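S.K.: Starting off with a structure, shown below.
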Amino acid sequence: MITGIHRNGFTLLELLTVIAVVGILTAIGVPSYRYVIDSSRMAAEINALLGDLQFTRAEAVKEGQTVTACVSADTVRCAGNAAWSSGWIVFSDPNANAQADAGESVLRVQKTFVGTDSFIASNGVSAITFNREGFATAIPNGTLITLRDATASTSRTRCLAITLVGLMTSQLYGTTTNGVTCT
């Protein structure tokens with residue numbers, strides 16, 4: 001007597017059901033994954049500038065002389081524009097002219113961002129100098145450097161606020177810290 005027959009494999013209906021479920025999960029998951037990747041990249045970019053500005057301030061206090069961070073596309077000279085996404089350098093600046101002159105040592109270098117993110121100072125600030133007391137000099141109070149991705153979506157906008165006393169804060173779009181609003 002033959003007992004039950006066992007078949008191996010899937011029916012067409014089972015296969016189509018699995019493909020439909022995978023398609024739905026992919027349609028839901030891919031945009032969320034993209035947001036996570038973009039958010040992580042932007043957090044890394046703004047934290048790179050924040051870290052280098054904190055380093056700039058600490059070096060100024062430690063060295064007892066002015067230290068400057070400035071926009072620099074070639075990693076040697078200050079560019080004089082407010083596009084921080086072009087990269088920047090941190091250097092000892094004993095004459096406090098916000099220019100990397102001969103004999104002034106470059107302490108850190110950040111190369112140009114790969115991608116289409118913009119990182120622009122709202123009031124045209126291309127250099128931030130800290131004096132030996134740790135105060136920011138020659139910048140408007142409430143300097144705001146805004147990071148935007150290619151979509152310019154407010155949900156992906158981040159800001160770095162810098163005050164004259166040297167306080168630096170990373171912010172999300174629409175938040176206000178120390179009287180400076182990320183816009």
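S.K.: In whole Hz and in residue order, list the ³J(HN,Hα) couplings for region 100-107 that follow from phi through the Karplus curve 6.51 cos²θ - 1.76 cosθ + 1.60, θ = phi - 60°; x for Gly and Pro.
M.R.: Using θ = phi - 60°, the values come out as 7, 7, 4, x, 8, 7, 7, 9 Hz.
S.K.: What full-extension length gain, to one decimal in nm, is calculated for T177 and V61 as 0.36 nm per residue of separation minus the Cα-Cα distance? Write out the running numbers ahead of the final one.
M.R.: Details: separation 116, 0.36 × 116 = 41.76 nm, distance 2.45 nm.
That pair, T177 and V61, stretches by 39.3 nm at full extension.
S.K.: Be a star and scan region 37-55 for residues whose amide nitrogen sits under 19 Å from the point 7 Å along the Cα-to-Cβ vector of T151.
M.R.: What the label zone holds, given the 19 Å backbone N cut-off, is 37-46.
S.K.: Under 8 Å for C-alpha pairs, at least 6 residues apart: give me the relative contact order for region 13-181, rounded to a whole percent.
M.R.: Computed value for region 13-181: 19 percent relative contact order.
S.K.: I would also like to ask the following. On full extension of the chain, what length is gained from T11 through L50, given 0.36 nm per residue of separation minus the C-alpha to C-alpha distance? Present the calculation step by step, with values, prior to reporting the outcome.
M.R.: On the way: separation 39, 0.36 × 39 = 14.04 nm, distance 5.74 nm.
Gain on stretching T11 to L50: 8.3 nm.
S.K.: Return, in residue-number order, each cysteine of the chain whose C-beta is not under 4.7 Å from any other cysteine's C-beta.
M.R.: Result for the chain is empty; each Cys has a Cβ neighbour under 4.7 Å.
S.K.: Okay, next question. Over the Cα atoms of region 134-183, what radius of gyration and what Dmax do you get, in Å?
M.R.: Rg and Dmax of region 134-183, Cα atoms, are 11.3, 36 Å.
S.K.: Sorted from fewest to most neighbouring beta carbons within 10 Å, what does the list R34, R41 look like? The partial results should precede the final answer.
M.R.: Details: R34 10, R41 16.
Placing the least packed residue first, the sequence is R34, R41.
S.K.: What is the spin-label model distance, in nm, from V18 to R132 if the labels are put 7 Å beyond Cα along the C-beta direction?
M.R.: Spacing of the two 7 Å Cα→Cβ label points: 7.3 nm.
S.K.: Expressed as cubic angstrom per residue, what is the convex hull volume of the alpha carbon set of the chain?
M.R.: Details: hull volume 32.5 nm³, N = 183.
Taking only Cα atoms, the chain has a hull volume of 178 Å³ per residue.
Laboratory data are not the source of any read-out in this text; all were calculated from the coordinates shown. In this text, all values refer to a predicted model and were calculated from it rather than measured experimentally. A quick note on method: Cβ atoms are made from the backbone with ideal geometry, for glycine too, and the neighbour counts reach across all protein chains shown.
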